[in-house]
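Participant: Mind having a look at this structure? Questions to follow.
Derivation of every value follows stated rules applied to the coordinates shown; laboratory data play no part. Since the model is a prediction, treat every value here as computed from it, not as a measurement. Note: ideal-geometry Cβ built from the backbone for every residue, glycine included; neighbour counts use all protein chains shown.
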Amino acid sequence: MSTAVNELKASYAFIERNYNIVKRYWAWELVWLVYTVANSLAVSYIGLGVEKMGGGGVDGKYLVLYLAIGTIVWRYLSVIFYWVTDLVGLERWEGTIEYTLMAPITRFFHMLGQTAFAVVYSLIHTAVVLVATMALFDISLAHANLWGFALLLVAGSLSFIGISIVGSVLPLLFPERGSQMTHLIIAMLLLVSGVYYPVDVLPDWLQAFAKFSPATYVIDGAREALLNGAPTLSLWPYVWPTLIMGVIAIPVGLRIFHWAERYAKRTGKLHRNG
């Protein structure tokens, strides 16, 4: 019992450490938040632009909502992805990677602290983007199913955490360019997940990949919940695939990270500068 308590305390230490890093680099965090909001709004304005160029044949308001939901959900998931995959890069930047990966804490509780902070951090960013979008486009969520939307985000978080843990292996194995290599994963998920367009406009072979992206289900379900006010129970077909992906991806990711960590320690890759 005392061991579990100590592990939880150590896990919380990673949450506190990340919070202090964010506080230390508050100016960069402010820049990143403004960039995120501006980028999300720019995508949403495409809806009004298409309506103006297409005359009266396009419902610009609906298109704005369609794009805004996709953008907001994608921002939430991608921020989680980058915080988790940057686990190794952050340690190298701080010069603490050897101490962290050799500390007396299981990798599960280490990842627990990292991912818990990532989820909270991403929720704050998502809330700011959502409020800004509602204010600029005069959007009302009076008929939206916000509880169902929250359920989808939680379910999507689990599956994306598993994918992110797998992605965090790349900076561990490739100190020089591993962090940049993780962009390939997020780019492929962005392509096939229907963030800015329906998945069925993709070629058939890309649609097949979309079925294996948790973001596809989270975004489609979020549009049902927010655009159509779908009841929470009717969102189950979007929830259960992401839960299954998370149940599979998290332990698989932890196992892969364990193998990669042992290899990195054996070959001397636990250094700061690559």
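Participant: Dipole of the stretch 2-267 (Lys/Arg Cβ +1, Asp/Glu Cβ -1, origin at the Cα centre): which of S44, S193, Y19 lies farthest to the positive side?
Facilitator: Y19
Participant: Compute the distance from the alpha-carbon center of the stretch 136-159 to that of the stretch 196-249, in whole Å.
Facilitator: 14 Å
Participant: What nm distance separates the two modelled labels at N20 and L146, each placed 7 Å from Cα along Cα→Cβ?
Facilitator: Rounded to a tenth, the inter-label distance reads 3.5 nm.
Participant: Comparing T115, T106, T36, which has the greatest mean-square fluctuation in the GNM of the chain with Cα pairs linked when under 10 Å apart?
Facilitator: T106
Participant: Sticking with this structure for a sec: With the crude spin-label approximation of a point 7 Å out along Cα→Cβ, what separation in nm comes out for V50 versus W240?
Facilitator: Between V50 and W240, the simple spin-label model gives 3.2 nm.
Participant: Something else about it: Taking 0.36 nm per residue of sequence separation and subtracting the Cα-Cα distance, how much length would be gained by fully extending the chain between I124 and E98, in nm to one decimal? Display every interim value, and only then the final one.
Facilitator: Working: separation 26, 0.36 × 26 = 9.36 nm, distance 3.07 nm.
That works out to 6.3 nm of additional length.
Participant: Contour minus end-to-end for D204 and L136, with contour as 0.36 nm per residue of separation and end-to-end as the Cα-Cα distance? Before the final figure, lay out the partial values.
Facilitator: Numbers: separation 68, 0.36 × 68 = 24.48 nm, distance 3.67 nm.
Using 0.36 nm per residue and subtracting the Cα-Cα distance, I get 20.8 nm.
Participant: Still on this structure: Placing +1 at every Lys and Arg Cβ and -1 at every Asp and Glu Cβ, with all other atoms neutral, what dipole size does the chain have around its Cα centre, in debye to the nearest 20?
Facilitator: On the way: 18 positive and 16 negative charges, 159 e Å.
Magnitude of the dipole: close to 760 debye.
Participant: Compute the long axis of helix 236-267 from its Cα atoms, compare it with the longest principal axis of the Cα atoms of the chain, and write down the angle in degrees, 0 to 90, nearest 10.
Facilitator: Computed tilt is about 30 degrees.
Participant: Using Cα springs under 10 Å in a Gaussian network model of the chain, which residue among S168, S140, S234 shows the largest mean-square fluctuation?
Facilitator: S140
Participant: Shifting gears a bit: Enumerate the amide H contacts of L202 below 5 Å, restricted to partners 5 or more residues apart or on another chain; note that Pro and chain-start residues carry no placed amide H.
Facilitator: none
Participant: Per DSSP H run of n ≥ 4, the term is -39500 (n - 2.57); total these for the chain, divide by its residue number, and report the mean residue ellipticity at 222 nm rounded to 500 deg cm²/dmol.
Facilitator: Values: 12 runs with 216 residues, N = 274.
Mean residue ellipticity at 222 nm (helix-derived): -26500 deg cm²/dmol.
Participant: Between L173 and Y35, what is the spin-label point distance in nm, taking each point 7 Å from the Cα along the Cα→C-beta axis?
Facilitator: Placing both labels 7 Å along Cα→Cβ, they lie 2.8 nm apart.
Participant: Then there is this: Over the Cα atoms, compute the radius of gyration (one decimal) and Dmax (the largest Cα-Cα distance, rounded to a whole number) for the stretch 99-164, in Å.
Facilitator: Over the stretch 99-164's Cα set, Rg and Dmax evaluate to 16.4, 52 Å.
Participant: Further question: Just need the relative contact order of the stretch 2-267 here, percent rounded to a whole number, with Cα pairs under 8 Å and 6+ apart.
Facilitator: Working: 316 pairs, mean separation 66.1, N = 266.
Answer for the stretch 2-267 is 25 percent.
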